Amino acid sequence: MNGLITHNEMVSLLPLRWKNYNWLGSQEDQFFLSFADAWRGIIKRVDIKVRKILVPDFYCPETLAMYKNYGTLLFYKTNQDLTIDIPSYLMAVKSYRPDVIINYGYISSPLQDKNVRLLLGKLPETIVIEDCAHRIVLKDDLVFVHSNHFYIDSIRKQTGILGSHLVDQSQLLKKEHFSRMNSYKIKSTWLKFLQEAINLSTYLVQSRKLYGKSEIYFEKLDNLIGTYEEPTLGSVLSGNIWNHLDLTKLMAHKQKLASVYLKRLTGIKQENFYVPPLAERNLSYFPCLVYGANNERLVEYLATRNIWIGSLWDLPSRQIAGLNNDLYRSVLVLPLTWKTTVNDVMLVCQEIDYFFGM
């Protein structure tokens with residue numbers, strides 16, 4: 001049987017370069033421990049009362065739960081191909097008049113639409129946050145509609161490194177305003193070290209048992225990250241590792257794998273299986289949609305073949321009216337890690353094809 005194919009990204013095996021720092025390395029004043037810490041940093045420093053928050057109807061449940069502590073959640077529509085329904089977005093902005101808008105789409109951001117940029121440019125008092133958790137932020141991609149427009153990434157999703165960059169034009173957020181060290185940061189860093197050690201051991205030994213333990217530590221870290229109320233800065237170690245990553249090589253590798261997935265999986269003609277067209281290939285995972293009972297069955301079948309995939313997000317334990325439940329139940333994501341090979345991708349596609357042909 002083949003070796004383990006998983007989503008585990010090992011920081012210690014990522015490609016490095018020792019010259020020409022990554023451009024986000026200059027943003028050390030705004031390098032936070034997590035996306036949630038960066039969000040709290042914005043809310044702490046920007047003088048706007050938050051009452052209404054506009055978000056997509058397919059989004060991270062843990063982050064939605066955090067937003068609910070600050071205001072009422074309102075939604076715009078995500079299409080079945082994971083793009084954003086722009087008419088729904090524009091109507092929601094105009095009718096709800098939210099205090100905060102979260103721009104997010106797994107395939108593409110609403111900001112890529114000209115009409116969206118024009119509308120947001122007329123709302124300078126509204127906080128607009130580009131959620132870039134599932135892509136690497138490139139300097140050439142930055143477009144600001146006004147001074148209350150922010151970009152936040154999550155480099156843990158792309159590389160396994162703890163940290164989130166916050167990018168804006170105003171430079172209002174300075175590191176002296178935020179916590180540099182606390183028990184939350186110490187515990188998060190320690191859990192990350194343990195997770196890295198187990199992930200590396202799993203990769204070297206190819207042990208299903210160790211993989212099970214790695215999932216336990218992933219859940220522990222995932223449940224801890226973003227829970228501390230005081231905005232906390234990221235670590236110097238994480239920042240330095242990020243600065244020396246060869247992002248060009250890493251992104252090229254992910255795009256190569258995504259191209260193989262796209263070519264192979266679009267050939268599967270099944271009414272219960274769908275691969276969205278990927279306008280944006282700067283992704284942390286490769287998405288596909290599997291409908292009905294086949295969703296869980298495919299995950300279980302691939303696990304017997306040492307291939308570990310899963311849903312992007314599970315439905316919240318507490319029901320939230322307005323969410324796109326169909327997407328939560330159908331979207332599965334496939335590995336795009338640095339150690340995932342083209343042969344791995346071809347094997348995943350082969351097993352998915354075999355599953356639907358059974």
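Tell me, which residue of region 77-120 that is of a type in the set (Phe, Trp, Tyr) and in a loop (DSSP other than H, G, I, E, B) is farthest from Val143 (Cα to Cα)? Applying the filter and picking the extreme gives Tyr106. Scanning region 95-123 for residues that are modelled with pLDDT of 95 or more, over 18 Å from Phe75 (Cβ atoms) and not hydrophobic (A, V, I, L, M, F, W, C) returns Lys114, Asn115, Arg117, Gly121, Lys122. Do we find that Leu123 is of a type outside the set (D, E, K, R), out of contact with any Gly (no Cβ under 9 Å at 6 or more places or on another chain) and in a helix (DSSP H, G or I) in this structure? Answer is no for this residue.
Taking Gly25, is it modelled with pLDDT under 95, over 17 Å from the mean Cα position of the chain (by Cα), outside any loop (DSSP other than H, G, I, E, B) and under 17 Å from Ala133 (Cβ atoms)? For Gly25, the condition - modelled with pLDDT under 95, over 17 Å from the mean Cα position of the chain (by Cα), outside any loop (DSSP other than H, G, I, E, B) and under 17 Å from Ala133 (Cβ atoms) - is not met. Checking Ile268, Ile320, Ile352 one by one, the residue that is closer than 22 Å to Tyr104 by Cα and either touching a residue at least 24 places away in the same chain (Cβ under 8 Å) or not assigned by TED's automatic domain parsing to the domain that holds His253 (or both) is Ile320 and no other. Could we say that Ile155 is touching a strand residue (DSSP E or B) at 6+ places or on another chain (Cβ under 9 Å) and crowded, with 19+ Cβ neighbours inside 10 Å here? Yes; evaluated as a whole, the condition is true for this residue. Exactly one residue out of Ile186, Ile225 is without any contact (Cβ under 8 Å) to a residue 24 or more places away in the chain and of a type in the set (A, V, I, L, M), and it is Ile186. For Ser259, the test of being surrounded by fewer than 18 Cβ atoms within 10 Å (Cβ to Cβ) and either over 19 Å from Ser330 (Cβ atoms) or hydroxyl-bearing (Ser, Thr, Tyr) (or both) is passed. Give the number of residues within region 191-249 that are under 20 Å from the mean Cα position of the chain (by Cα), of a type in the set (D, E, K, R) and crowded, with 16+ Cβ neighbours inside 10 Å. Of the residues in region 191-249, 4 are under 20 Å from the mean Cα position of the chain (by Cα), of a type in the set (D, E, K, R) and crowded, with 16+ Cβ neighbours inside 10 Å. Which of the following residues is farther than 26 Å from Leu289 by Cα and either basic (Lys, Arg) or touching a residue at least 12 places away in the same chain (Cβ under 8 Å) (or both): Tyr67, Tyr76? Every option except Tyr67 fails the conditions.
Select from region 69-83 the residues that are under 10 Å from Gly105 (Cα atoms) and β-branched (Val, Ile, Thr) and write down the one among them that is surrounded by the most Cβ atoms within 10 Å (Cβ to Cβ). In this case the residue turns out to be Thr78.
Scanning region 138-189 for residues that are among the hydrophobic types (A, V, I, L, M, F, W, C) and farther than 29 Å from Asn8 by Cβ turns up Leu142, Val143, Phe144, Val145, Phe150, Leu172, Leu173, Phe178. Within region 147-160, residues that are more than 18 Å from Met251 (Cα to Cα) sit with their Cβ atoms under 7 Å from residues that are small (Gly, Ala, Ser) and surrounded by fewer than 23 Cβ atoms within 10 Å (Cβ to Cβ), at 6+ positions apart or across chains, in these pairs: Ser147/Ser170. Residues that are polar (S, T, N, Q) and within 18 Å of the chain's Cα centre (by Cα) do occur in region 326-337, at least one of them. Going by the structure shown, is Leu173 in contact with a strand residue (DSSP E or B) (Cβ under 8 Å, 6 or more places away or on another chain), part of a loop (DSSP other than H, G, I, E, B) and touching a residue at least 24 places away in the same chain (Cβ under 8 Å)? Judged against the criteria, Leu173 is a match. May I ask you to say which residue of Ile241, Ile216 is part of a helix (DSSP H, G or I), in contact (Cβ under 8 Å) with a residue 60 or more places away in the chain and either in contact with a strand residue (DSSP E or B) (Cβ under 6 Å, 6 or more places away or on another chain) or not charged (D, E, K, R) (or both)? Just one listed residue meets the conditions, Ile241. Taking residues in region 31-56 that are without any contact (Cβ under 8 Å) to a residue 40 or more places away in the chain and assigned by TED's automatic domain parsing to the domain that holds Asp222, and partners anywhere that are among the acidic types (Asp, Glu) and crowded, with 17+ Cβ neighbours inside 10 Å, not one pair has Cβ atoms closer than 7 Å while being at least 6 places apart or on different chains. Taking region 283-306 as the range and being farther than 11 Å from Ile352 by Cβ, in a loop (DSSP other than H, G, I, E, B) and in contact (Cβ under 8 Å) with a residue 60 or more places away in the chain as the test, the residues that pass are Leu283, Ser284, Tyr285, Asn306. Restricting region 176-186 to residues that are surrounded by fewer than 15 Cβ atoms within 10 Å (Cβ to Cβ) and of a type outside the set (Gly, Ala, Ser) leaves a set whose member that is nearest to Asn306 (Cα to Cα) is Ile186.
The values are calculated or read from the model by the stated rules, or taken from the named source; none is laboratory data. Given the structure is predicted, the values throughout are model-derived calculations rather than measurements. Positions of Cβ are backbone-derived with ideal geometry, glycine not excepted, and every protein chain shown enters the neighbour counts.
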